[in-house]
Amino acid sequence: MSSHIDLHCHSTVSDGILAPAALVRHAAAQGVKVLALTDHDDVRGLDEAKQVEDELGIRLINGVEISVTWNKRTLHIVGLKISPDFAPLLAGLASIREGRHIRAEGMAEGLSKIGIGGSLQGAYAHVGEGGLISRTHFARFLMEHGYAKDTRSVFKNYLVKGKPGYFEHRWANIEDAMSWILESGGIPVLAHPGRYDLGRTNMLKLLSEFREMGGMAIEVVTGSHTKDQYQEFARLAHQFDLLASVGSDYHGAAHSYMEMGRLPDLPAGCVPVWHDWVETADLH
């Protein structure tokens, strides 16, 4: 019943198109019964989202997606069931947000070197009031001006390592981010591992260290994974004794890999991350 569970999505508090309450309404309309709002490096949308939870008959899970640096690479760790008022978590997220503008300036400078001007202002034009700047906002600017047809191609050609709009930036230390999640009572989940292009050796190293640091789960079924990757990461979840999570990584219509409520079931043999906190009755 994975189509009724979505544990990774974004609102206007980070780089989504819909405000938190509107996002929850959209999820409910798509048949989602259990939803985690996981904005990048911010938890301010959770209160608004909670206000419509009972009205819509949807179960909302407190979440966040934290940007971290591991082995000089940028990774994302989702925290599920966090306490959003846990002081060390809030302080850590605030420090990450402060660095986002520095990265945005670096990205804009790189794009200007290949003749793409106005990207910083253009990206900020897509940021919601009080929201934070992200690569997704640059992607929207580039798509808007005809440099790419969709999110996948704009990242591939402009915003990943080795491309003009990439800017090396050090995020939170992965050990610190893991401790913020764990000490707030949350579950650390490695987000969309198939997007990191680590190669087998580095992926095994990452999963080993992630497990040692207290990592509990890995996204097996997620919007950007292929069918083959569902199976690959199901095997790795079993190998490293990790629970399996699912999430659309929804950002809004035309800005997402997959619509909410369309996630396939986890491969056979996976132990769902929600196995001890979602009842079958919750999904009907």
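Coordinate-derived values only; no laboratory data. Since the structure is predicted, the reported quantities are computational estimates derived from the model, not experimental observations. Please note: Cβ atoms are built from the backbone with ideal geometry, for glycine as well, and neighbour counts cover all protein chains shown.
Give me the base-10 log of I(q)/I(0) for the stretch 1-107 at each q in 0.20, 0.22 Å⁻¹, Debye formula, one uniform scatterer per Cα, rounded to two decimals.
The calculated log intensity ratios at q = 0.20, 0.22 Å⁻¹ are -1.01, -1.16.
For the stretch 201-208, in order, what is each residue's ³J(HN,Hα) by Karplus, 6.51 cos²θ - 1.76 cosθ + 1.60 with θ = phi - 60°, in whole Hz (x at glycine and Pro)?
Karplus-based 3J(HN,Hα) across the stretch 201-208 equals 4, 5, 5, 5, 4, 4, 5, 5 Hz.
What is the Cα centroid distance between the stretch 156-170 and the stretch 192-216, reported in whole angstrom?
One Cα centre to the other: 21 Å.
What translational diffusion coefficient, to the nearest whole µm²/s, does the stretch 136-186 have by Stokes-Einstein, given a Kirkwood radius computed over alpha-carbon pairs, a temperature of 10 °C and 1.306 mPa s viscosity?
Result for D is 123 µm²/s.
Extension gain GLN239-LYS149, at 0.36 nm per residue separation less the Cα-Cα distance, in nm?
Extending this stretch completely gives an extra 28.6 nm.
Let me see the pair-distance distribution of the stretch 18-176: every alpha carbon pair, 10 Å bin width, integer percents in order.
The percentages, shortest bin first, are 10, 34, 34, 19, 3, 0.
Over all distinct Cα pairs, what is the inverse of the mean 1/r for the stretch 94-159, reported as the Kirkwood hydrodynamic radius in Å?
12.0
Return the calculated 222 nm mean residue ellipticity for the chain, to the nearest 500 deg cm²/dmol, obtained by summing -39500 (n - 2.57) across DSSP H runs with n ≥ 4 and dividing by the residue count.
-10500 deg cm²/dmol
For the stretch 158-239, how big is the tail of P(r) above 14 Å, as a whole percent of Cα pairs?
It works out to 69 percent of all Cα pairs.
Specify the inter-centroid distance of the stretch 86-104 and the stretch 222-250, based on alpha-carbon positions, in whole Å.
Measuring centre to centre over Cα atoms gives 28 Å.
By counting other Cβ atoms within 10 Å of each Cβ, how are ASP282, ASP150, ASP228 ranked from fewest to most?
Working: ASP282 16, ASP150 13, ASP228 9.
Lowest count first: ASP228, ASP150, ASP282.
How do TYR124, TYR166, TYR250 rank when sorted from fewest to most other Cβ atoms within 10 Å of their own Cβ? Mind showing how you got there, number by number?
Working: TYR124 16, TYR166 19, TYR250 29.
Ordered from fewest to most neighbouring Cβ atoms within 10 Å, TYR124, TYR166, TYR250 come out as TYR124, TYR166, TYR250.
Normalise the Debye intensity by I(0) for the chain, one equal point scatterer per Cα, no solvent, then take log10 at q = 0.08, 0.15 Å⁻¹ and round to two decimals.
Rounded to two decimals, the profile gives -0.30, -1.16.
When the dipole is taken about the Cα centre of the chain, and only Lys, Arg (+1) and Asp, Glu (-1) are charged at their Cβ, what size is it in debye, to the nearest 20?
1120
Apply 1/(1 + (r/R0)^6) to the Cβ-Cβ distance of ASP276 and GLU183, taking R0 = 22 Å, and write down the FRET efficiency to the nearest 0.05.
FRET efficiency, ASP276 to GLU183: 0.65.
Could you work out which residue, out of SER134, SER83, SER208, moves most in a Gaussian network model of the chain, that is, has the largest mean-square fluctuation with Cα springs under 10 Å?
SER208
Which Cα, out of ASN71, ALA22, ILE218, lies furthest along the positive dipole direction of the chain (beta carbon charges, K/R +1, D/E -1)?
Among ASN71, ALA22, ILE218, the one farthest towards the positive end of the dipole of the chain is ASN71.
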